[in-house]
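Data first, discussion second: the structure below is written as structure tokens.
Please treat every number below as a calculation from the coordinates, not as lab data. Computed from a predicted structure; not experimentally measured. Because the Cβ atoms are built from the backbone with ideal geometry, glycine has one as well, and the counts that use them run over all protein chains shown.
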Amino acid sequence: MGMFNDILRSDETIFKNVIALDYDYIPKIVPFRELHQRHMATCIKPLFQERSGRNLFIHGSPGIGKTAACRHVLKELEEQYDEIEPIYINCWEKNSSHKIMMEICEKLGYKLTHNKKTDELFKIVKEMLNKKSVVFVFDEIDKAEEHDFLYWILEQIYKKSIFLITNYREWLLNLDERIKSRLTAEILEFKPYNFSETKNIMEQRVGYAFRDNVIEQDAFEATVKKTYEMQDLRKGLYLLREAGNLAEDKSLRKITMEQIGTALRKLDEFTINKEDELDSDTKLIFEMIKKNNGSKTGELYKIYAKGGGNSSKKTFSRRLRDLEKGKFIVAEKVVGGSEGTTSIVKLASKNNERKLTEF
Ligand SMILES: Nc1ncnc2c1ncn2[C@@H]1O[C@H](COP(=O)(O)OP(=O)(O)OP(=O)(O)O)[C@@H](O)[C@H]1O
Ligand SMILES: [Mg+2]
């Protein structure tokens, strides 16, 4: 037990509330997104007058406050108004109509879901929700495998607002026309924060998370600068938490450039592509994607086969998945259309590398 005694010996901590650095922590205020939140509130407003609300399509790059702003609005709604039911669903976790209906049942406190089919669940949901008004938020909507649930909700839930959130504006273009015409969503774009906004938000989080004066000024400035360059606050929060942990490991009272530097190197290990480590076939496929950025998987396979590639379609798909996992590429699912479900393959750029939450 000596090892843990040693590690746990010091109960002094530089953290005041480490939870404030969690990615899903909802801050008390979400500065610089007031106008966005107001737009969301305007879409919900008709629900207070027993009318149906407006729908909203929210898009923007990772880590810039889309989820935070939206959850903040829902929280206020939940705390202050009983007549409107907020339902937040992350479609990365719940990616099918069945899982989504199960989740809604659970949120509504309905427990007898076992062995029920999706449409039976939907009937139950419909009955419960049509007694009220509802705000649905489907976050990471591009990860939903199919969209029947949207069609159902649009058709059969009377007083509602639906918010869809994604990193990809194009997602809306590929949506089934029948859903699109019923949705007629307003569009709300989130743009990355500028330098002073980034700094301000990080100052606020440091204030929640650490005891006073724990971070040396130059270390903080360097973290802000890096976060601004990466245009992703989630990465900035990672740096702060990791640097804090590193300082604690050494029983230091301050976070200095040294810890921030180490945290940065760790972050780079996540995000730097190690192209040299790819096997030759995968490398060939990657080179081909570079030349045909934005093509569909089927088209890519044709180009690959024509160019002398001799792996089967199945192996080819596996290599694409490997490239996606390694954050060399991003495969954006397109549901529906003449080809059924397919994916558009793009090179990973600064804004669509894999998210930290995926590690
Ligand atoms: N204006 C803000 N004020 C305080 N914290 C913020 C603000 N904007 C973002 N954050 C924080 O940054 C982190 C990332 O934000 P959020 O999860 O909302 O990103 P996102 O835009 O939804 O990204 P993704 O597309 O990857 O889901 C969260 O911890 C969030 O609390
Ligand atoms: Mg989000």
Rounded to the nearest 5, the percent of DSSP beta bridges in the chain running antiparallel is 30 percent
With the 8 Å Cα cutoff and a minimum separation of six or more residues, the chain has a relative contact order in percent of 20 percent
For the chain, shape from the Cα gyration tensor axes a ≥ b ≥ c, cut at a/c of 1.5 then a/b versus b/c, turns out oblate
A chain fully extended from R182 to T262 at 0.36 nm per residue, minus the present Cα-Cα distance, gains in nm 23.7 nm
Eigenvalues of the alpha-carbon gyration tensor of the stretch 80-129, times 5 and square-rooted, give semi-axes in Å, largest first, of 18, 14, 9
For the stretch 122-217, shape from the Cα gyration tensor axes a ≥ b ≥ c, cut at a/c of 1.5 then a/b versus b/c, turns out prolate
Checking rank on 244-254, 134-144, 192-202, with mean other Cβ inside 10 Å and highest first, the result is 134-144, 192-202, 244-254
For the pair R51 and D218, the simple spin-label estimate (label points 7 Å beyond Cα toward Cβ) gives in nm 6.0 nm
Heads up, the stretch 275-349 by the C-alpha gyration tensor (a ≥ b ≥ c square roots of eigenvalues; a/c under 1.5 rounded, else a/b over b/c prolate, else oblate) looks oblate
Within the stretch 30-110, DSSP-loop GluC sites (Glu not before Pro) with at most 16 other C-beta atoms within 10 Å are E50, E83, E93
